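Take this structure first; my questions come after.
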Amino acid sequence: MVSRSLVFLLLVAVSSAKVFDRCDWAKVLKRAGMDGYRGVSLADWVCLSQWESHYNTDATNHNSDGSTDYGIFQINSRYWCNDGGPSSSNGCNIQCSELLSDNVSVAINCAKRVVRDPNGIGAWVAWRNRCQGQDLSSYLSGCGV
């Protein structure tokens, strides 16, 4: 019988994660219809991703409340995805592990769900602390988007 730890390690080794270049990420977001989605500019999305994950699809962060943030947008397990924890409301109806892939369509769809919530893009602390009210033109500079 294969141990759960070994299975997990094999899945991690097989899963594909990616760290995007800033401009490549901006182009992916633009193609996905994120520019202006719910009033959120493309520069806001790129800024948010920079400060949440440094454009890394495999990023995780364990929070003091016991929840974990996953993927390029650092989507939280308490509210938006299921990681097996006891108190997830799973608003995006996904497994958190789906957010840790270089196939970012699941992460983008979940981020769209998050911004439809009353907090909007303000749900992300990094956006509030690093992007809100700032000149974000440098996040798209030279990207041709």
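The values are calculated or read from the model by the stated rules, or taken from the named source; none is laboratory data. Keep in mind it's a predicted model, so treat the numbers as computed, not measured. Note that each Cβ is placed from the backbone with ideal geometry, even for glycine, and that neighbours are counted across all protein chains shown. Accessible surface areas use protein heavy atoms only, side chains included; no ligands, DNA or RNA. Shrake-Rupley method; radii C 1.70, N 1.55, O 1.52, S 1.80 Å.
So, of the residues in region 111-145 that are hydrophobic (A, V, I, L, M, F, W, C) and more than 20 Å from the chain's Cα centre (by Cα), which turns out to be surrounded by the fewest Cβ atoms within 10 Å (Cβ to Cβ)?
Going through the qualifying residues, I end up with VAL145.
Okay, next question. I'm trying to understand the selection: among the residues of region 68-91, which are crowded, with 22+ Cβ neighbours inside 10 Å and more than 20 Å from TYR55 (Cβ to Cβ)?
Hit for region 68-91 is SER77, nothing else.
Condition first: outside any strand (DSSP E or B) and at pLDDT 90 or above. Now tell me which residues in region 75-90 satisfy that.
Passing the criteria: SER77, ARG78, TYR79, TRP80, CYS81, ASP83, ASN90.
Right, another one. Look through SER105, SER88, SER101 and report the one residue that is more than 12 Å from the chain's Cα centre (by Cα) and hydroxyl-bearing (Ser, Thr, Tyr).
Only one candidate qualifies: SER88.
Please give the number of the condition SER97 fails out of (1) open to solvent by 70 Å² or more (accessible area, probe 1.4 Å); (2) outside any helix (DSSP H, G or I).
Result: SER97 fails condition (2) only.
Would you mind finding the one in GLY133, GLY66, GLY142 that is touching a Gly at 6+ places or on another chain (Cβ under 8 Å) and in a loop (DSSP other than H, G, I, E, B)?
When all the criteria are applied, what remains is GLY66.
How about region 100-110: which of its residues are open to solvent by less than 20 Å² (accessible area, probe 1.4 Å), more than 16 Å from SER41 (Cβ to Cβ) and part of a helix (DSSP H, G or I)?
Of everything in region 100-110, those that are open to solvent by less than 20 Å² (accessible area, probe 1.4 Å), more than 16 Å from SER41 (Cβ to Cβ) and part of a helix (DSSP H, G or I) turn out to be ALA107, CYS110.
Does ASP58 fit the bill of being out of contact with any strand residue (DSSP E or B) (no Cβ under 6 Å at 6 or more places or on another chain) and in contact (Cβ under 8 Å) with a residue 12 or more places away in the chain?
yes
Check whether at least one residue in region 9-17 is modelled with pLDDT under 95, under 19 Å from ASN109 (Cβ atoms), in contact with a strand residue (DSSP E or B) (Cβ under 9 Å, 6 or more places away or on another chain) and surrounded by fewer than 16 Cβ atoms within 10 Å (Cβ to Cβ), and report yes or no.
Yes - at least one qualifying residue is present in region 9-17.
Further question on the same structure: What's the total number of residues in region 79-135 that are among the polar types (S, T, N, Q) and touching a helix residue (DSSP H, G or I) at 6+ places or on another chain (Cβ under 7 Å)?
Counting residues in region 79-135 that are among the polar types (S, T, N, Q) and touching a helix residue (DSSP H, G or I) at 6+ places or on another chain (Cβ under 7 Å) gives 1.
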